[in-house]
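Below you'll find the structure, written out as structure tokens, and then a few comments.
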Amino acid sequence: MKNLKSYILLLVLSVMLTSCGQKKAETDNSHSNDSKEKKHEHVVINTPDDAVNELKNGNKRFVDGKLENTDYKEQVQATKEDQHPHSVILSCLDSRVPPEIVFDQGFGNIFVARVAGNIEDDNILGSLEFATKIKGSKLIVVLGHNKCGAVKGAVDNAELGNLTQLVNQIKPAITGDKSNPDKLLDETSRKNVKLTIENILKHSDVISGLVKEGKVKIVGAYYDLNTGRVEFMN
Ligand SMILES: [Zn+2]
């Protein structure tokens, strides 16, 4: 009797597991069909404005939960010989602002330079010059964001090892009503983006030359941690 019960139990379990497996396979199938249908068609980027539009459209796909540029294994193969990213993003270190994802760009479409507080220095400038002058990127985006820890560090006079000199570089951007900490942080973060752009143009003849020739555009953008939306600043 005990053996019979065990046998029935095993039978029921095996039927359940098999049907689960089938369901899983069906789901996987529909996913792969979906991803085939939604596969991102690479748009041709000829101008800085095309690049801005591509990033705006990519961020819209991200906000809408309709990412298309996620066939990473294929992208690894497609980009293994060379790269021609249309844009270079100078972004904060913040783990919640990954540019490749928030702009739905996957592999090979954007260069990304990241440093806490999205500020420039000689190494960042060298990287931006490589991206634009050597590799032909048409757009530089300085991407700030709200609730930035590095900017807060500047406002709060944070001191720690090498971080002290980093936050000191953000201090010229401090602006706004000190009695309203949230607003102060937000306005300072936005001003910091603008100052970084000014400093890039001031400190790099290569980039300011490309901008004057109209070959490259440099724009500020601001990521909202609450919504995932990127606002392009003027
Ligand atoms: Zn930050």
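The values are calculated or read from the model by the stated rules, or taken from the named source; none is laboratory data. The model shown is predicted, which means the values in this text are computed figures rather than measured ones. A quick note on method: Cβ atoms are made from the backbone with ideal geometry, for glycine too, and the neighbour counts reach across all protein chains shown.
Annotations
- K171 vs. criteria in a loop (DSSP other than H, G, I, E, B) and more than 21 Å from V97 (Cα to Cα): no
- For V102, the criteria (1) farther than 30 Å from T175 by Cα; (2) in contact (Cβ under 8 Å) with a residue 60 or more places away in the chain hold in every case but one, which is (1).
To keep it simple, each residue is scored yes or no on (1) more than 19 Å from the chain's Cα centre (by Cα); (2) farther than 22 Å from N69 by Cβ; (3) aromatic (F, W, Y).
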| site | (1), (2), (3) |
| --- | --- |
| V115 | no, yes, no |
| D122 | yes, yes, no |
| G126 | yes, yes, no |
| G136 | yes, no, no |
| G149 | no, yes, no |
| L160 | yes, yes, no |
| T164 | yes, yes, no |
| I174 | yes, yes, no |
| S179 | yes, yes, no |
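- Flag for D82 being buried (at least 20 other Cβ atoms within 10 Å of the Cβ) and either touching a Gly at 6+ places or on another chain (Cβ under 6 Å) or assigned by TED's automatic domain parsing to the domain that holds K60 (or both): no
- Pairs with Cβ under 6 Å, 6+ apart, first in region 106-126 and closer than 26 Å to N146 by Cβ, second away from the ligand (no atom under 16 Å from the Cβ) and assigned to a strand (DSSP E or B): I110/S87; F111/V88
- L201 being within 23 Å of D50 (Cα to Cα) and crowded, with 20+ Cβ neighbours inside 10 Å: no
- Selection of region 66-101 for residues being outside any loop (DSSP other than H, G, I, E, B), over 22 Å from P48 (Cβ atoms) and among the small types (G, A, S) yields only A78.
- Look at (1) modelled with pLDDT under 95; (2) within 16 Å of the ligand (Cβ to nearest atom) and you find that G176 fails only one, number (2).
- Some residue of region 135-152 being polar (S, T, N, Q), under 25 Å from P48 (Cα atoms), more than 13 Å from the ligand (Cβ to nearest atom) and not in a loop (DSSP other than H, G, I, E, B): no
- Total residues in region 89-128 satisfying the condition of being within 17 Å of K202 (Cα to Cα), away from the ligand (no atom under 16 Å from the Cβ) and buried (at least 16 other Cβ atoms within 10 Å of the Cβ): the figure is 3.
- Just one of the listed residues (Y72, Y7) is farther than 23 Å from G144 by Cα, modelled with pLDDT of 60 or more and more than 16 Å from the ligand (Cβ to nearest atom), and it is Y72.
- Within the option set A158, A131, being more than 10 Å from the ligand (Cβ to nearest atom) and either acidic (D, E) or in a loop (DSSP other than H, G, I, E, B) (or both) holds for one residue only, A158.
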